[in-house]
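Data first, discussion second: the structure below is written as structure tokens.
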Amino acid sequence: MANQQNANRPELPQAREALDNMKYEIARELGINLKQGYNGDLSARDNGYVGGYMVKRLIEQAERQMASQQR
């Protein structure tokens, strides 16, 4: 069985940095005051918005990449 603690961690350090940058960019676009470190003062709804938009953007990027490979 896979180690559950490492299941959500990217394999590459560059991937972690890119995902963090995306997270802060999306939070700024949504007007959510996400800061490095502790963010316990944010609501679950706000955090969920950021995560949801991250997933949406990653899916859009994957779809564009797959479409360009089929040409």
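Structural remarks
- Criterion applied to 26, 32, 59 was being modelled with pLDDT of 95 or more and open to solvent by 80 Å² or more (accessible area, probe 1.4 Å), and the one residue passing it is 59.
- Residue under evaluation residue 45, criteria (1) modelled with pLDDT of 95 or more; (2) charged (D, E, K, R); (3) open to solvent by less than 90 Å² (accessible area, probe 1.4 Å); (4) out of contact with any helix residue (DSSP H, G or I) (no Cβ under 8 Å at 6 or more places or on another chain), criterion not met: (3)
The values are calculated or read from the model by the stated rules, or taken from the named source; none is laboratory data. All values derive from a computational prediction rather than experimental measurement. A quick note on method: Cβ atoms are made from the backbone with ideal geometry, for glycine too, and the neighbour counts reach across all protein chains shown. Surface areas here come from the heavy atoms of the whole protein model, side chains and all, with no ligands, DNA or RNA. Shrake-Rupley method; radii C 1.70, N 1.55, O 1.52, S 1.80 Å.
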